[in-house]
Amino acid sequence: MSNILEFKRPKPSDKHKGKTLCKNGFHKWKVVTEKKFDVKQGKLVTLYRCSRCGQEKNTAH
């Protein structure tokens with residue numbers, strides 16, 4: 001006989017954990033690339049990615 005595992009459905013609170021903050025504009029930004037040079041603008045560009053939802057943003061310095 002093999003072991004039988006019971007699978008449980010995730011709770012809605014576990015399924016959407018952390019996503020409601022991002023929907024309201026409160027992202028958790030992490031730096032992905034530092035000091036990337038943009039030739040067209042002539043500035044340093046930093047790429048940020050939200051650790052919760054994966055949205056990305058660029059900022060020129």
What's the longest piece of the chain with no exposed chymotrypsin sites (Phe, Trp or Tyr not before Pro), counting a site as exposed if DSSP puts it in a loop and it has at most 14 other beta carbons within 10 Å?
-> 27-61
DSSP-assigned coil residues among GluC sites (Glu not before Pro) in the chain, each with at most 12 further Cβ atoms within 10 Å | Glu6
Per-residue ellipticity at 222 nm attributable to helices in the chain (runs of n ≥ 4 DSSP H, -39500 (n - 2.57) apiece, nearest 500 deg cm²/dmol) works out to -2500 deg cm²/dmol
Report the calculated FRET efficiency for Lys43 and Lys19 (r = Cβ-Cβ distance, R0 = 25 Å), to the nearest 0.05.
-> 0.15
The long-range amide H neighbours of Arg52, using H built 1.01 Å from N in the peptide plane and a cut-off of under 5 Å, are Lys28
Label 7 Å along Cα→Cβ of Lys36; the stretch 46-61 residues with amide nitrogen under 12 Å?
-> 46-49, 56-60
Three principal axis lengths of the chain [C-alpha, angstrom, descending] | 66, 32, 14
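The numbers here are math on the coordinates, done by the rules we state, and not lab data. As the structure is a computational prediction, the values presented were derived from the model and not from experiment. Using ideal geometry, Cβ is built from the backbone for each residue, glycine included, and neighbour counts are taken over all protein chains shown.
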